[in-house]
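Q: Starting off with a structure, shown below.
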Amino acid sequence: MPNQLPAPDPAPRAADPAKSACGLPSRAVIDLSAASIRRSDAEWRQRLSPLAYTVARQQGTEPPFRNAFWQHHEDGVYFSVCSDTPLFDSRAKFDSGTGWPSFTQPIEGGFVEETVDKSHGMVRREVHCRMDGAHLGHVFPDGPAPTGLRYCINSASLRFMPRAEYGAWVAARGAAAAR
């Protein structure tokens, strides 16, 4: 089944009970060989805020309930902070009670890749942007319909574009591709 997690590590370590599984940084190894947007570490540090760099490039996490998008309700699209890749639509966003923005599905499955993360004594599915390798968060099989999935995403890995701007962004890219 697509929303089941991999089998647990046969010798799991005790997780920090004060943190949810979303709140622990990932130690999954992301294969960046397929990423089409590549920059040096120095370039990423220059382009991103310190928090965005820590989360997106070093697989960190941000505090729950104290981040930009956990209670953000504007209609639009969330992009990777590292590229022009649209990742999540606000129409798929829901309140999971975790303190991080949560979505039932990505805009396009091919833009988000998953890697098994066995760090912190648990088995999770780490999610990252396929185009630029940015660590986004994790996906869990406890979300609402229609997918039953909860993409628990760090705000620091995202930037938001209101729906009207997104429509213009799509139209501009469509016109450029048609040339």
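Q: Can you list the strands (runs of 3 or more DSSP E) lying wholly within region 132-179 that have 1 or more residues being at pLDDT 95 or above and farther than 21 Å from G110 by Cβ?
A: Per the criteria, 158-162.
Q: Then there's this: Looking only at residues that are buried (at least 24 other Cβ atoms within 10 Å of the Cβ) and among the small types (G, A, S) in region 128-153, which one is farthest from L48 (Cα to Cα)?
A: Applying the filter and picking the extreme gives G137.
Q: Could you list all residues from region 121-131 that are in contact with a Pro (Cβ under 6 Å, 6 or more places away or on another chain) and under 18 Å from T104 (Cβ atoms)?
A: none
Q: Given the residues D16, D41, D9, which is the only one that is more than 26 Å from T147 (Cα to Cα) and at pLDDT below 50?
A: Only one candidate passes the filter, namely D16.
Q: Right, something else. Run Y53 past the list (1) assigned to a helix (DSSP H, G or I); (2) at pLDDT below 95 and report the number of the one that doesn't hold.
A: So the condition that Y53 fails would be (2).
Q: If you don't mind, there's one more thing I want to ask. In region 91-105, is there at least one residue being of a type in the set (F, W, Y), crowded, with 20+ Cβ neighbours inside 10 Å, more than 15 Å from T61 (Cα to Cα) and touching a helix residue (DSSP H, G or I) at 6+ places or on another chain (Cβ under 7 Å)?
A: Yes, the conditions are met somewhere in region 91-105.
Q: Which residues, counting only those in region 72-83, are surrounded by fewer than 18 Cβ atoms within 10 Å (Cβ to Cβ) and either touching a residue at least 24 places away in the same chain (Cβ under 8 Å) or not in a loop (DSSP other than H, G, I, E, B) (or both)?
A: H72, E74, D75
Q: State whether one or more residues within region 112-127 are free of Cβ contacts under 8 Å to residues at least 60 places away in the same chain, surrounded by fewer than 20 Cβ atoms within 10 Å (Cβ to Cβ) and not in a strand (DSSP E or B).
A: For region 112-127, residues free of Cβ contacts under 8 Å to residues at least 60 places away in the same chain, surrounded by fewer than 20 Cβ atoms within 10 Å (Cβ to Cβ) and not in a strand (DSSP E or B): absent.
The values are calculated or read from the model by the stated rules, or taken from the named source; none is laboratory data. Not measured: the values here are computed from a predicted model. Positions of Cβ are generated from backbone atoms using ideal geometry, with glycine treated the same way; all protein chains shown enter the neighbour counts.
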